[in-house]
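In what follows, a single structure is set out as structure tokens and then discussed.
The values are calculated or read from the model by the stated rules, or taken from the named source; none is laboratory data. These numbers come from a predicted model, not from an experiment. Cβ placement follows ideal geometry from the backbone for every residue including glycine, while neighbour counts extend to all protein chains displayed. We work out accessible area using only protein heavy atoms, side chains counted, and drop any ligands, DNA or RNA first. Shrake-Rupley method; radii C 1.70, N 1.55, O 1.52, S 1.80 Å.
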Amino acid sequence: MRVKECFCPSSQEQALALLAELGDALQICAGGTDLLVMLRKGKTEAPFLMDISGLDLSGIREEEDHISIGALATLTDVQESPLLNKEPYRFLQRAAGWVGSPQIRNAATLAGNLCTGIPSADTSTPLLALDARVRLASVRRTREIPLTGFFLAPRKTALEADEMVTEVLLPRFPSGDYRTEFRKVGTRKELFISIFHIASLLEMEGPLVKRARFAMGVMAPVPVRLFRTEELLTGKSLTPALIDEALETMKTEVHPRTSRHASKEYRMMLAENLLHRFLTEPPEGAEGGNLC
Amino acid sequence: MLIHFHVNGKACAVDAAPDEKLLDTLREKLQITSVKRGCENGDCGACTVLLDGRPVASCIFLTVKARNHSIQTIEAFGEPGHLHPLQEKFRAHGAFQCGFCAPGVTLSAISLLNQNPTPTEEEVRRAISGNLCRCSGYVQIVEAIMDYVEERRAAREEL
Ligand SMILES: Cc1cc2nc3c(=O)[nH]c(=O)nc-3n(C[C@H](O)[C@H](O)[C@H](O)COP(=O)(O)OP(=O)(O)OC[C@H]3O[C@@H](n4cnc5c(N)ncnc54)[C@H](O)[C@@H]3O)c2cc1C
Ligand code: FES
Ligand code: FES
């Protein structure tokens with residue numbers, strides 16, 4: 001289908017009015033790094049495009065009770081933001097820094113990464129582990145939902161046809177002894193789509209786990225938090241027996257599938273090994289990176 | 001839709017289709033064929049241009065979205081007879097073979113060096129990680145960039 005028109009609104013009101021009028025016929029283009037590939041391959045259609053780069057939604061700001069990441073903030077902005085260059089946010093910077101290539105990260109937005117709704121969206125796991133929320137706007141209302149309620153199915157999110165994401169919100173954390181890590185696994189060293197990714201956060205109080213947060217991607221139809229595993233570890237000391245128990249609990253919380261990229265057995269093995277490694281040797285500072 | 005932007009320092013206006021990619025505008029309308037058409041999927045980096053100084057893949061960048069921005073292609077930095085000193089290094093090291101990846105690799109490297117004049121080899125490798133080269137294996141490319149970095153560092157220290 002031919003694209004008939006590309007709208008370039010200069011205010012949020014204009015953008016929301018267009019969304020209200022055109023709904024599903026209008027596709028938002030943020031960085032366009034996912035959208036333009038989908039359009040070219042014929043995997044999505046859009047009679048109308050809306051380039052939102054003229055809106056006032058860039059920037060990463062510290063507010064009273066959260067850090068706000070505007071819908072136009074790119075992955076490079078996230079990677080370079082001094083506000084996020086501290087714990088427990090550094091694993092988000094690592095994850096952003098391993099998306100695609102510099103060319104992709106300079107155009108792609110964090111919000112767009114989430115809005116694709118794909119299980120391999122790398123920033124979804126650290127954002128889930130951080131209890132991120134998304135702010136959605138439409139002419140009808142503004143609402144805020146936890147990221148855990150945002151992913152519904154592969155390529156399907158809680159966004160309604162007339163809504164857009166305006167901000168991603170991160171809660172502020174009290175200072176503490178945090179250990180965070182992001183790992184993604186693919187088939188080569190750079191520029192690959194994850195076959196598995198994991199974001200881990202521990203807050204230690206002496207030998208005891210004060211707070212534990214884990215999220216895994218490509219281990220279920222949508223990226224998932226491991227609430228039961230987290231609960232099991234909270235308040236305890238990380239003994240080998242407890243770590244074994246945590247791995248068993250983790251296995252009940254994920255449901256990997258075999259795809260042409262990897263088998264479910266391989267994905268489960270990655271999940272076990274990488275969670276085991278994080279729990280036995282929680283990194284001092286933030287760790288992150290890719291493995292192949 | 002009439003789009004205004006700067007290309008290599010010059011103000012330009014082009015009439016762009018709503019889903020036109022910057023790659024097509026630069027190659028077909030402005031005849032800048034150093035911007036290569038490779039995978040058209042964002043994977044290979046042959047179509048790299050600098051947008052406000054940062055590399056982007058022009059094959060997956062809407063021309064409409066480039067309005068009011070500044071675009072640089074390799075012509076902004078060197079031309080036959082007046083090569084950029086980094087291009088001289090690539091030549092001296094025999095870094096390229098077919099040369100298809102060269103404009104993109106060079107732009108990625110120049111962008112890095114503008115932000116960080118003394119990168120490590122690891123930083124150089126990451127900066128050009130979005131530029132695939134089918135011929136070279138990257139060794140001479142990285143050596144040439146590091147040679148340039150070292151020469152600059154030495155020149156600064158002499159001052
Ligand atoms: C070569 C290549 C490599 C890649 N590698 C990775 C990778 O390693 N990891 C990874 O996770 N992804 C990867 N991607 C996918 C993609 O680049 C990312 O998901 C990126 O973050 C998408 O952001 P964007 O701003 O470009 O989104 P766009 O393409 O602009 O939009 C994506 C989707 O979200 C919608 N959308 C965007 N913004 C909003 C908003 N504010 N409100 C409502 N809807 C919105 C759009 O309508 C569209 O449907 C890769 C893509 C390419 C081409
Ligand atoms: S042609 Fe643009 S990245 Fe390959
Ligand atoms: S020299 Fe041929 S692709 Fe790089």
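Data overview
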| read-out | value |
| --- | --- |
| Unique residue being open to solvent by 10 Å² or more (accessible area, probe 1.4 Å) and either more than 26 Å from residue A:41 (Cβ to Cβ) or assigned to a helix (DSSP H, G or I) (or both) when the list is B:100, B:96 | B:96 |
| Strands (runs of 3 or more DSSP E) wholly inside region B:28-87 that include at least 1 residues being within 11 Å of chain A (Cβ to nearest Cβ) and open to solvent by less than 40 Å² (accessible area, probe 1.4 Å) | B:48-51, B:54-57 |
| Only one of B:140, B:87 that is polar (S, T, N, Q), in contact with a Phe, Trp or Tyr (Cβ under 9 Å, 6 or more places away or on another chain) and closer than 24 Å to residue B:10 by Cβ | B:87 |
| Candidate set: region A:206-217, residues that are at pLDDT 95 or above and not basic (Lys, Arg); chosen: the one farthest from residue A:250 (Cα to Cα) | A:208 |
| Pick from region A:20-40, criterion out of contact with any helix residue (DSSP H, G or I) (no Cβ under 9 Å at 6 or more places or on another chain) and over 23 Å from residue A:10 (Cβ atoms), ranking: nearest to the other protein chains (Cβ to nearest Cβ) | A:39 |
| Condition check for residue A:282: out of contact with any helix residue (DSSP H, G or I) (no Cβ under 8 Å at 6 or more places or on another chain), at pLDDT below 95 and not in a strand (DSSP E or B) | yes |
| Output for region A:19-28, where each listed residue is surrounded by fewer than 18 Cβ atoms within 10 Å (Cβ to Cβ), without any contact (Cβ under 8 Å) to a residue 60 or more places away in the chain and over 14 Å from residue A:44 (Cβ atoms) | A:21 |
| Some residue of region B:114-133 being touching a residue at least 24 places away in the same chain (Cβ under 8 Å) and closer than 17 Å to residue B:83 by Cβ | no |
